[in-house]
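Only the coordinates and a few stated rules stand behind these numbers; no lab work does. Everything numeric here is computed off the predicted structure, so don't read it as measured data. Every residue, glycine among them, receives a Cβ derived from its backbone with ideal geometry; neighbour counts consider all protein chains shown.
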Amino acid sequence: MKSNDLGKAAVDDVTIEVPTVDDWDDIYATFSAGINIDGDPQSLEAERELFEPERSLIVRRGDQVVGTLGGNTRQIAVPGGVISAAHGCRGAVSATVRRQGILTRLMRRHFEDARAHGEPIALCWASEGRIYHRFGYGVSVRRIGLNVNSREATVPQAPRSGRIVEGTAAELRESLVKLYDQVYADQPGWSERTAAHWDYRLADLMGQRAGASALRIIIHEGEGGVDGYALWRVRGNWAATGPAGEVVVVEQVSTTPEAYQALWGFLLSVELTRSASTWASSVDEPLFYWVGEPRQLSAHLCDALWVRVVDVPKALAARRYATPLDVVIEVTDDFLPVNSGKWRLTGSAESASCSATTDDADLAFDIRALGAVYMGGTSLSALAGAGLVRELRPGALAAAAPAFGWHKTPSAFEIF
Ligand SMILES: CC(C)(COP(=O)(O)OP(=O)(O)OC[C@H]1O[C@@H](n2cnc3c(N)ncnc32)[C@H](O)[C@@H]1OP(=O)(O)O)[C@@H](O)C(=O)NCCC(=O)NCCS
């Protein structure tokens, strides 16, 4: 039985601990209830394999579990390299004890834990953005959802030398893993995938189908071997005027334009379908430039990956910069004051270093702005336009803004 006494007393009788493997069922149930789903035995077991108790926190009130926050140890690609980052997940506090500072306490522990593991940044996907600003996260990767009118968008037809092969997860897994590994390290926003991550990705849980078919997998074989794949589903539908099915693209990866064109050509022409949707395409999705009628992509822009810089000098030295840069930034970080202060950052496409300085600052901003620009897809100039970055030396913004960008737009399509 859970009481609904929303008084301040509740917070005094909770304890926050590192859980053990035996706490998984309670953690899963608490998080499922928190995000308003029932949970199911299949997901419970599949997600158990990704549970890292030593990186997680559990909130107890007597013998009840009333909150949790998880962390995954994982690498992520950033501009110019791959770094370790705390992948935050499963944050929930029961309604009976909410708004009494429990998530705030969990976040403090999560950031301390990230620093202790030498991780310069923490990441999360937000159920609601407004939860995370106060903890110092900024929107670093955006995504676009597409709802393509397959008939009207029209794709160029060209003779193709490769071929598309369909198969099961067991048959094609090796090709998918190889291709993803080839691509991810050079694509800011993509996280490494271990065997356990692939198990989960290909588990094809009923709870993830949302009324669509089982997962379908195709690969593209080009002249040099497998150079692309797509994971997709199909949602059958009939309208008064005839078939109105929808292809639901879960993930599409390719290393050559031939593979990209062939896979999309396939996905936009599946029999009895009239549309194709993606949930998290890149903001710089090539489809925009390739289809005949880009307006027919019906794009919807949204936040994707939020970045929280937990160690300023380490984080800034860990990524690379598109143009040579020598700048002093003044950072304000009320939640993690160790980051507050003036930092000299020297960087280029080859190397970077960052250390505390007493020199005058060129730019000043809050830690959230640093998280927002970290992956190279949010511009310092846009943040300055909103008053979130202040230029203290004329010309500093024009020099620093392109340096913080990157030649590859960050993207992210995997909620962890
Ligand atoms: C989001 C959630 C974890 C917050 O837990 P909590 O213990 O109530 O959070 P806190 O009490 O530490 O809140 C800290 C501050 O954030 C604010 N806040 C927390 N959640 C908020 C929300 N959803 N919307 C707006 N403000 C929110 C609080 O009002 C509080 O503000 P204050 O310091 O000015 O009083 C909890 O409401 C929850 O489980 N929600 C459903 C699941 C969910 O969305 N999880 C996130 C998954 S990404």
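Charged side chains reduced to their Cβ positions (Lys and Arg at +1, Asp and Glu at -1) give the range 67-116 a dipole of some 200 debye around its Cα centre.
Relative to the Cα centre, the charge distribution of the chain, modelled as +1 at Lys and Arg Cβ and -1 at Asp and Glu Cβ, gives a dipole magnitude of about 880 debye. Could you tell me whether the range 159-209 comes out rounded, prolate or oblate from its Cα gyration tensor? Rule is a ≥ b ≥ c as square roots of the eigenvalues, rounded for a/c under 1.5, then prolate if a/b exceeds b/c, otherwise oblate. Oblate, since a/c reaches 1.5 and b/c is not below a/b.
Among G387, G224, G81, the largest mean-square fluctuation in a Gaussian network model of the chain, built with springs joining Cα atoms closer than 10 Å, belongs to G224.
Across the range 9-136, Cα pairs under 8 Å and at least six residues apart give a relative contact order of 23 percent. Debye-formula intensities of the range 9-136, expressed as log10 I(q)/I(0) at q = 0.17 Å⁻¹, are -0.90 (one equal scatterer per alpha-carbon, no solvent).
Take every pair of alpha-carbon atoms less than 8 Å apart whose residues are at least six positions apart; their mean separation over the length of the chain yields a relative contact order of 18 percent. Remark: relative contact order (the range 185-329) = 14 percent; criterion is Cα-Cα distance under 8 angstrom and separation of 6 or more residues.
For the pair I415 and S213 in one chain, pulling the backbone fully straight at 0.36 nm per residue adds 70.7 nm over the alpha carbon distance. Extension gain, R109-V338: 0.36 nm per intervening residue step, less the Cα-Cα distance, totals 81.0 nm. Once the C-beta distance of R390 and D22 is scaled by a Förster radius of 41 Å, the resulting FRET efficiency is 0.25 to the nearest 0.05. Shape class of the range 312-404 from the Cα gyration tensor (axes a ≥ b ≥ c, square roots of the eigenvalues): rounded, since a/c falls below 1.5.
Taken along the Cα-to-beta-carbon direction at a fixed 7 Å, the label points for S161 and I35 span 4.4 nm. Applying 1/(1 + (r/R0)^6) with r as the Cβ-Cβ distance of D326 and L44 and R0 = 51 angstrom yields a FRET efficiency of 0.45.
Simple spin-label estimate for A195 and E350 gives 4.0 nm between the two label positions (7 Å along the Cα-to-Cβ direction from each Cα).
Helix content alone sets the calculated 222 nm mean residue ellipticity of the chain: runs of n ≥ 4 DSSP H residues at -39500 (n - 2.57) each, divided across all residues, give -7000 deg cm²/dmol. Each of P53, W125, P41 was placed along the dipole of the range 9-136 (beta-carbon charges, centred on the mean Cα), and the one lying farthest toward the positive end is W125.
Along the axis of the charge dipole computed for the range 312-404 (Cβ charges of +1 for Lys and Arg, -1 for Asp and Glu, origin at the Cα centre), the listed residues L316, L397, T358 are led at the positive end by L316.
Dipole size of the range 45-138 about its Cα centre, with +1 on Lys/Arg Cβ and -1 on Asp/Glu Cβ: approximately 520 debye, rounded to the nearest 20. Between R295 and T15, the simple label model (points 7 Å from Cα in the Cβ direction) yields a spacing of 6.4 nm. Calculated on the alpha-carbon coordinates, the convex hull of the range 297-345 measures out at 133 cubic angstrom per residue.
Put simply, when 295-306, 39-50 are sorted by average Cβ atoms within 10 angstrom per residue, most first, you get 295-306, 39-50. Of the residues G88, G34, G371, the one that moves most in a GNM of the chain with alpha-carbon contacts below 10 Å is G34. Highest GNM mean-square fluctuation among G91, G405, G101, for the chain modelled with Cα contacts below 10 Å: G101.
Sort the chain into rounded, prolate or oblate with this rule: let a ≥ b ≥ c be the square roots of the eigenvalues of the Cα gyration tensor; rounded if a/c is under 1.5, and if a/c is not under 1.5, prolate when a/b is larger than b/c, oblate otherwise. Oblate, because a/c is 1.5 or more while a/b does not exceed b/c.
Candidates A262, W232, W290 compared by Cα position along the dipole of the range 144-303: farthest toward the positive end lies W232, with charges placed on Cβ.
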